[in-house]
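The values are calculated or read from the model by the stated rules, or taken from the named source; none is laboratory data. Since this is a predicted model, take the numbers as computed values, not measurements. FYI the Cβ positions are ideal-geometry reconstructions off the backbone, even for glycines, and counts take in every protein chain you see. Ligands, DNA and RNA are excluded from the accessible area calculation, which covers all protein heavy atoms including side chains. Shrake-Rupley method; radii C 1.70, N 1.55, O 1.52, S 1.80 Å.
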Amino acid sequence: MPKALRVLVLGSGFAGQGHAEAFRNAGVEIIGMASRTLSVTQQVAKDMNIPYATTDWKTALTQLQPDIVAVGTPGGVHVDPILAALDQSCHIYSDKPLAATAKEAKMLYLKAREEGAKTAYAASMRYLPYALLAKSLIAQGKIGDPLEVECISHPNVNPLIPFGWFHRLDQGGGRTHSNFPHKLSIVQQALNGTIVSVNGQLRYDIQRAPIAAGVHDFRKRGQFAPQSADEPGLEWAEADSDSSYTVLAHIAPENDTSKMVSVLFKQAGMHPGFQPDYMAFMGREATLHINGAFAQGPMHICARNGKWEEIPLPQEITNSLPNIEHPAIRCWTQLAHEFIADIKSEGYSGYQTFKDGWIYQEVFEAIRSEKGWVDIPQEA
């Protein structure tokens with residue numbers, strides 16, 4: 001019988017817990033969890049029935065000898081544990097960003113390639129059902145040749161959310177590191193395309209953030225925000241990550257630069273929007289419009305000189321995904337299933353790898369440079 005695969009999870013916040021659930025759903029044994037705060041890590045591990053909890057990931061690697069390391073920590077601390085895990089011949093499943101810089105991300109990609117390790121890059125909202133439906137309909141020619149894409153969102157983030165890794169660029173913070181990868185991944189998948197060049201501008205609307213104790217789960221950080229910046233006794237920390245972005249991209253479907261698609265990604269992070277967030281794919285024959293910043297749905301189509309009609313979600317798409325209610329955990333789980341299948345030599349499905357993580361980091365840095373149009377490398 002083949003040896004059962006065993007996973008060590010790094011991180012005990014939302015991503016770490018989500019990765020643990022994902023791999024457990026994929027039939028893999030979770031043998032340990034390592035994270036920053038011992039009391040929190042021990043409690044999460046106990047709640048999730050994970051037998052080993054520690055703050056020392058180095059010792060966990062050497063003692064547990066996992067087959068897979070799932071990295072759910074902030075991007076700025078990915079490099080050392082991933083390198084150490086690769087030295088132990090582990091396969092790696094990493095949340096985004098892959099690293100804080102393109103240089104580091106490229107190093108991790110090349111190291112993994114050299115070691116022959118399987119890698120997964122979790123810009124995983126591409127597995128949302130309507131994102132998969134968009135891919136299918138575009139491939140079927142329902143909109144004709146794709147010409148343009150719009151991705152517009154206004155999350156209206158509370159500017160007083162307590163200081164954390166998301167306020168620090170060197171820790172993988174900022175909207176281009178956390179929000180943008182999912183959108184870029186959805187569009188790239190839908191077009192079956194290559195990112196050729198990008199041009200963009202970022203805004204840095206938050207120069208400082210209040211310091212608050214007790215924030216652990218990323219989803220609950222707003223609960224710790226003060227009601228006003230004028231509250232007495234507040235302490236502050238400097239922030240340097242981006243809060244809004246406007247990005248133009250050229251994406252070549254099927255790597256055919258004669259059919260280049262123009263894509264607009266626009267997020268005003270600190271502001272409400274009058275209209276709902278959406279993604280729209282415009283072709284020569286019709287437009288697909290999907291509600292939601294990450295194509296959550298519903299979806300409508302309008303042919304030229306036609307009327308908008310809703311497209312119901314086919315049952316076969318729903319049936320093809322794990323039966324998990326939480327959309328982020330469902331997406332992590334689908335990626336875990338595909339990753340495990342590849343490790344077991346059951347076939348590579350096209351999931352994103354460290355190569356994509358490196359290329360995306362090149363995209364982020366090209367945008368941050370604000371140098372105008374920058375060509376994106378495809379091979380290291």
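In summary, the lysines within cross-link reach of K307, defined as a Cα separation below 20 angstrom excluding same-chain residues under 8 places away, comprise K142.
A straight line joining the Cα centroids of the range 342-361 and the range 1-78 runs 21 Å.
Rounded to the nearest 5, what % of DSSP beta bridges with both residues in the chain are antiparallel?
Around 60 percent antiparallel, to the nearest 5.
With each label modelled as a point 7 angstrom along the Cα→C-beta vector, the W373-S262 pair spans 1.1 nm.
Which values, in whole Å and largest first, are the semi-axes of the equivalent ellipsoid of the range 1-114 obtained as the square root of 5 times each eigenvalue of the Cα gyration tensor? Before the final figure, lay out each step's value.
On the way: eigenvalues 90, 55, 31 Å².
Taking √(5λ) for each eigenvalue gives 21, 17, 12 Å, largest first.
Applying 1/(1 + (r/R0)^6) with R0 = 41 Å to the Cβ-Cβ distance of E114 and N255, what FRET efficiency is obtained, to the nearest 0.05? About 0.95, to the nearest 0.05.
Return the lysines within reach of K183: Cα separation strictly under 20 angstrom, same-chain partners fewer than 8 residues apart disregarded; answer none if there are no such residues. Filter leaves K96, K135, K266, K355. For the range 14-130, averaging the sequence separation of C-alpha pairs within contact (under 8 Å, six or more residues apart) and dividing by the residue count gives a relative contact order of 20 percent.
How far, in nm, would the chain grow between S228 and Q43 when pulled straight, counting 0.36 nm per residue and subtracting the alpha carbon separation? Walk me through the intermediate numbers first.
On the way: separation 185, 0.36 × 185 = 66.60 nm, distance 3.23 nm.
This chain segment gains 63.4 nm when fully extended.
What value, in deg cm²/dmol to 500, does the helix sum -39500 (n - 2.57) over DSSP H runs of n ≥ 4 give at 222 nm once divided by the residues of the chain?
On the way: 11 runs with 119 residues, N = 380.
For the chain, the value works out to -9500 deg cm²/dmol.
Helix by helix through the chain, keep the DSSP H runs that span 18 Å or more along the axis on Cα and average at least 1.0 on Kyte-Doolittle, and give those back in order. Kindly include the intermediate steps, with their values, before the conclusion.
Values: long enough: 102-115 (19 Å, -0.94); 327-343 (24 Å, 0.39); 354-369 (22 Å, -0.32).
Length and hydropathy pass: none found.
With every protein chain kept in place and ligands, DNA and RNA left out, what is the accessible area per residue of the chain? Probe 1.4 Å, answer in Å². Show your work: numbers first, answer last.
Details: 17200 Å² over 380 residues.
Counting only protein heavy atoms, the per-residue value for the chain is 45 Å².
Here the Gaussian network model covers the chain, with springs between Cα atoms less than 10 Å apart; of Y52, Y348, Y278, Y348 fluctuates the most. Specify the inter-centroid distance of the range 148-218 and the range 240-255, based on alpha-carbon positions, in whole Å. Computed from Cα coordinates, the inter-centre distance equals 11 Å. Comparing P97, P81, P312 in a Gaussian network model of the chain where C-alpha atoms under 10 Å apart are linked, the largest mean-square fluctuation is found at P312. Across the accessible surface of the chain, with the other protein chains kept in place and a 1.4 Å probe, carbon and sulfur atoms take up 49 percent. For I324, the shell of other residues with beta-carbons less than 13 Å away shows a net charge of 0, using +1 for Lys and Arg and -1 for Asp and Glu. Amide H to amide H distances under 5 Å link G172 with G76, where only residues 5 or more positions off or on other chains count and H is placed in the peptide plane. Close amide H pairs (under 5 Å, H built 1.01 Å from N) link A239 with R208, A209, residues at least 5 positions away or on another chain.
Arrange the peptides 262-270, 355-363, 154-162 so that the one whose residues have, on average, the most other Cβ atoms within 10 Å appears first. The partial results should precede the final answer.
Details: 262-270: 19.6, 355-363: 24.6, 154-162: 17.3.
Ranked from most to least packed, the peptides come out as 355-363, 262-270, 154-162.
Taking the chain as a Gaussian network of alpha-carbon nodes connected by springs under 10 Å, the highest mean-square fluctuation of the residues C90, C151, C302 belongs to C302.
Note on Rg/Rh (Cα atoms, Kirkwood Rh): of the candidates [x] 0.94; [y] 1.03; [z] 0.96, the value calculated from this structure sits at [z]. How large is log10 I(q)/I(0) at q = 0.14, 0.15, 0.25, 0.26 Å⁻¹ when the Debye formula is applied to the Cα atoms of the range 86-179, each weighted equally and without solvent? Summing over Cα pairs of the range 86-179 leads to -0.81, -0.89, -1.22, -1.27.
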